[in-house]
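Peer 1: Quick one: this structure, given as structure tokens, is what I'll be asking you about.
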Amino acid sequence: MRALPEAFFRNSETASLRRAAVRCLEAALGAADASRAIHRSVQRQGNVITIGGQAYPLDQAGAVYVLGGGKAAAPMAAALEEILGDRLTDGVVSVKYGHRVPTARVRVLEAGHPLPDAASIAAAEAVVALARRAGEADLVFVLLSGGGSALLTSPADGVTLEAKLAVTRMLLDAGAPIGDLNTVRKHLSRIKGGWLAGHIAPARSVTLALSDVLGNPLDLIASGPTVPDLTTFEDALAVLRWGEVLDGVPQAVADHLRAGAAGLVAETPKPGAPIFRHARTIIVGDLSQALRAAEKSARGEGFTTAVLSTAVEGEAREVGAAFGRRARAAHEGRYGPLPVCLLQGGEPTVTVRGGGKGGRNQEVALGAALEIDGLPRTLILSAGTDGTDGPTDAAGAVVDGTTIARARGLGLDPRDHLDRNDAYPLFAALGDLLITGPTLTNVNDLMLALVGDVRILDRTEHHVQPKGDVVSVL
């Protein structure tokens, strides 16, 4: 994580809270580090690799390949290189521009995200070509993380990249959840929705996934290229109807999905398909680990902690408003003695109504700012763990009880900026953007609220643990 400028901490009222919040974020990112996730999950003793309790004797394998894609795929590949050493035969992964790290044997290709480009297609072709080299005696490691859907793009026959881009933009603008978006992507692809497993078979494969999807559904992480698909062409059409874009998508997209629903195009591979006989998938990291690390950091600074949710969804501004109300309730003692740290994570969505610049975390923050306006000693941070919020260079933003007044003092109307999806310029003017640079991981969004004064104390007896929707003090 890039060091934040000193000006970020100059707010006289919340300077200490800002530093505490950044330390919590750094702890979360450390726990979600992609390289650590691989080393934590893949153990080697001599010629035996052990993953999730299952042994893979390297001396009984032929060639060993590494392939995959996602924002964290490069550090994952570098870590696996360290483990495999000279037993690694070849590898190729696709990452977002600027997310490359040095590797010895694995080729790292850069491509477009969140919208795929020609490089995304070239990367998918390289991954498929390597997958097809694998024979029955070989072992293939597939590395997946958030962003893999865009970074490995192989449009279905008759569907152009431009057509896929058009439908993706429409669904993003409509605020489609990642699951719905990936349902459509899988049915417009020759690699997603289990199809990559078909190129790898009959070789054995182990997919190591860093999850950015709530609940860790294997078929949605990077659009599930190596696992059975649980959705159908009809499901994809239903998503387009939900978003009210079916009549506006390119004709080739509508024709392909309708042909699939009519049984004229092969459905994505389902559970029980022979291509999955020797395929296995392991989750190596997710949001819960990041939240636990942030919570531990906050407790170490004397905060009563409450993890409210690991599965936050909904319109970003409304998620922010609700979180702001929780922070206000913390002032009233609802979550135990002050200071209090409230934590939650997930993946809100943004329904685009204006032509502004921003992202879901910036909208969460601005929605929260309107709720905590005037509250003393209160700070809320919302950040994407990948370091990128929407199409911006910011990971998110921080707000406090002075945000709204400071914005209005600069002649800015916070409500208007929110209505126009234009949070970025407002936070840029205030100096409250979180610009971390690429973090080389991706486990959803993290939100925290700090209420009260920072004190370095042993406060573990005030750890708050949620039970379902009820938060209790232990």
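Peer 1: Which of the residues that make up region 435-467 are farther than 16 Å from R326 by Cα and modelled with pLDDT under 50? Before you say what the answer is, go through the steps one by one.
Peer 2: First pass over region 435-467, keeping only residues farther than 16 Å from R326 by Cα: 435-445, 453-463, 467.
L457, D458, R459, T460, E461, H462, H463, K467 - these are the residues of region 435-467 that are farther than 16 Å from R326 by Cα and modelled with pLDDT under 50.
Peer 1: Here's another thing I want to ask about it. Go through (1) part of a strand (DSSP E or B); (2) surrounded by fewer than 24 Cβ atoms within 10 Å (Cβ to Cβ) for L379 and report which single condition fails.
Peer 2: Of the numbered conditions (1) part of a strand (DSSP E or B); (2) surrounded by fewer than 24 Cβ atoms within 10 Å (Cβ to Cβ), the odd one out for L379 is (2).
Peer 1: If you don't mind, there's one more thing I want to ask. Could you look through region 65-104, keep only residues that are over 14 Å from A124 (Cα atoms) and polar (S, T, N, Q), and pick out the one that is farthest from the chain's Cα centre (by Cα)? Walk me through how you get there before you give the answer.
Peer 2: Filtering region 65-104 for residues over 14 Å from A124 (Cα atoms) gives 65, 71-72, 74-90, 97-104.
Restricting the remaining residues to those that are polar (S, T, N, Q) gives 89, 103.
Details: T89: 30, T103: 23 Å.
Per the stated criteria, the residue is T89.
Peer 1: From the list G68, G53, G62, G91, which residue is out of contact with any helix residue (DSSP H, G or I) (no Cβ under 9 Å at 6 or more places or on another chain) and at pLDDT 95 or above? Full working, then the answer.
Peer 2: On the way: G68 fails: out of contact with any helix residue (DSSP H, G or I) (no Cβ under 9 Å at 6 or more places or on another chain); G53 fails: at pLDDT 95 or above; G91 fails: out of contact with any helix residue (DSSP H, G or I) (no Cβ under 9 Å at 6 or more places or on another chain).
Matching residue, one of G68, G53, G62, G91: G62.
Peer 1: Considering only residues that are under 16 Å from T207 (Cα atoms) and either open to solvent by less than 10 Å² (accessible area, probe 1.4 Å) or among the aromatic types (F, W, Y) (or both), which ones fall in region 78-96?
Peer 2: A79, L80, L84, L88, G91, V92, V93, S94
Peer 1: Which of the residues belonging to region 97-115 are touching a Ser or Thr at 6+ places or on another chain (Cβ under 7 Å) and either small (G, A, S) or open to solvent by less than 50 Å² (accessible area, probe 1.4 Å) (or both)? I'd like the intermediate steps shown before the answer.
Peer 2: Within region 97-115, the subset touching a Ser or Thr at 6+ places or on another chain (Cβ under 7 Å) is 109, 111-112, 115.
Once the filter is applied, which keeps residues that are touching a Ser or Thr at 6+ places or on another chain (Cβ under 7 Å) and either small (G, A, S) or open to solvent by less than 50 Å² (accessible area, probe 1.4 Å) (or both), region 97-115 yields A111, G112.
Peer 1: Provide a single number: the residues in region 340-367 that are surrounded by 24 or more Cβ atoms within 10 Å (Cβ to Cβ) and either of a type in the set (D, E, K, R) or in contact (Cβ under 8 Å) with a residue 60 or more places away in the chain (or both).
Peer 2: First, the residues of region 340-367 that are surrounded by 24 or more Cβ atoms within 10 Å (Cβ to Cβ): 340-345, 348, 358-367.
Subset that is either of a type in the set (D, E, K, R) or in contact (Cβ under 8 Å) with a residue 60 or more places away in the chain (or both): 340-345, 348, 358-366.
Residues meeting the conditions: 16.
Peer 1: Continuing with the same structure: Quickly run through region 316-354 and pick out the residues that are part of a helix (DSSP H, G or I) and closer than 24 Å to G215 by Cα.
Peer 2: Quick first cut of region 316-354, residues part of a helix (DSSP H, G or I) only: 316-331.
Those that are part of a helix (DSSP H, G or I) and closer than 24 Å to G215 by Cα: A316, R317, E318, V319, G320, A321, A322, F323, R326.
Peer 1: Just need a number here: residues in region 421-443 that are assigned to a loop (DSSP other than H, G, I, E, B), open to solvent by 30 Å² or more (accessible area, probe 1.4 Å) and closer than 12 Å to T392 by Cβ.
Peer 2: Narrowing region 421-443 to residues assigned to a loop (DSSP other than H, G, I, E, B): 421-422, 431-432, 435-443.
Within this subset, residues satisfying the condition of being open to solvent by 30 Å² or more (accessible area, probe 1.4 Å) are 431, 435, 438, 440.
Within this subset, residues satisfying the condition of being closer than 12 Å to T392 by Cβ are 435.
Number satisfying all stated conditions: 1.
Peer 1: Taking the residues in region 128-152 that are outside any loop (DSSP other than H, G, I, E, B) and surrounded by fewer than 24 Cβ atoms within 10 Å (Cβ to Cβ) as candidates, determine which candidate is nearest to the chain's Cα centre (by Cα). I'd like the intermediate steps shown before the answer.
Peer 2: Looking only at region 128-152, we keep the residues that are outside any loop (DSSP other than H, G, I, E, B), and these are 128-133, 139-145, 148-151.
The next check asks that each one be surrounded by fewer than 24 Cβ atoms within 10 Å (Cβ to Cβ); those that pass are 128-130, 132-133.
Numbers: V128: 24, A129: 27, L130: 26, R132: 29, R133: 30 Å.
Among those that are outside any loop (DSSP other than H, G, I, E, B) and surrounded by fewer than 24 Cβ atoms within 10 Å (Cβ to Cβ), it is V128.
Peer 1: Output the qualifying pairs, or none if there are none: Cβ atoms under 7 angstrom, residues six or more apart or on different chains, first residue in region 428-456 and under 21 Å from L410 (Cα atoms), second residue of a type outside the set (D, E, K, R) and open to solvent by 10 Å² or more (accessible area, probe 1.4 Å).
Peer 2: Pairs found: A429/L410; A429/L412; G431/A7.
Peer 1: With the structure loaded, tell me whether R107 is of a type in the set (K, R), over 16 Å from I282 (Cα atoms), within 21 Å of the chain's Cα centre (by Cα) and outside any helix (DSSP H, G or I) or whether it fails that test. Please lay out each step first, then the result.
Peer 2: Details: of a type in the set (K, R): yes; over 16 Å from I282 (Cα atoms): yes; within 21 Å of the chain's Cα centre (by Cα): no; outside any helix (DSSP H, G or I): yes.
So R107 fails the test.
Peer 1: At least 2 residues that are open to solvent by less than 10 Å² (accessible area, probe 1.4 Å), out of contact with any Pro (no Cβ under 6 Å at 6 or more places or on another chain) and closer than 25 Å to H278 by Cβ in each: list the helices (runs of 4 or more DSSP H) lying fully within region 153-243 that qualify. Write out each step before concluding.
Peer 2: Values: elements: 161-173, 178-186, 195-200, 233-242.
Ranges flagged: 178-186, 195-200.
Peer 1: Sticking with this one: Residues being open to solvent by 30 Å² or more (accessible area, probe 1.4 Å), on the phi > 0 side of the Ramachandran plot and either touching a residue at least 40 places away in the same chain (Cβ under 8 Å) or hydrophobic (A, V, I, L, M, F, W, C) (or both): count how many of those fall in region 21-77.
Peer 2: Number satisfying all stated conditions: 1.
Peer 1: Being charged (D, E, K, R), modelled with pLDDT under 95 and either within 29 Å of A176 (Cα to Cα) or open to solvent by less than 30 Å² (accessible area, probe 1.4 Å) (or both) narrows it down to one of E267, E313, so name that one. Break it down into steps so the answer makes sense when it comes.
Peer 2: Values: E267 fails: modelled with pLDDT under 95.
Exactly one residue qualifies, and that residue is E313.
Peer 1: With respect to A306, determine if the residue is over 30 Å from D173 (Cβ atoms), among the hydrophobic types (A, V, I, L, M, F, W, C), touching a Phe, Trp or Tyr at 6+ places or on another chain (Cβ under 7 Å) and at pLDDT 95 or above.
Peer 2: Details: over 30 Å from D173 (Cβ atoms): yes; among the hydrophobic types (A, V, I, L, M, F, W, C): yes; touching a Phe, Trp or Tyr at 6+ places or on another chain (Cβ under 7 Å): yes; at pLDDT 95 or above: yes.
Taking the combined requirement at face value, the residue satisfies it.
Peer 1: Oh, and also: Looking at I275, I283, which is the one that is open to solvent by 30 Å² or more (accessible area, probe 1.4 Å) and not in a helix (DSSP H, G or I)? Talk me through it step by step, then tell me what you get.
Peer 2: Details: I275 fails: not in a helix (DSSP H, G or I).
From the options I275, I283, the qualifying one is I283.
The values are calculated or read from the model by the stated rules, or taken from the named source; none is laboratory data. Computed from a predicted structure; not experimentally measured. Counting neighbours? That spans all protein chains shown, and the Cβs are built from the backbone with ideal geometry, glycine included. In case anyone asks, the SASA skips ligands and DNA or RNA and just uses the protein heavy atoms, side chains included. Shrake-Rupley method; radii C 1.70, N 1.55, O 1.52, S 1.80 Å.
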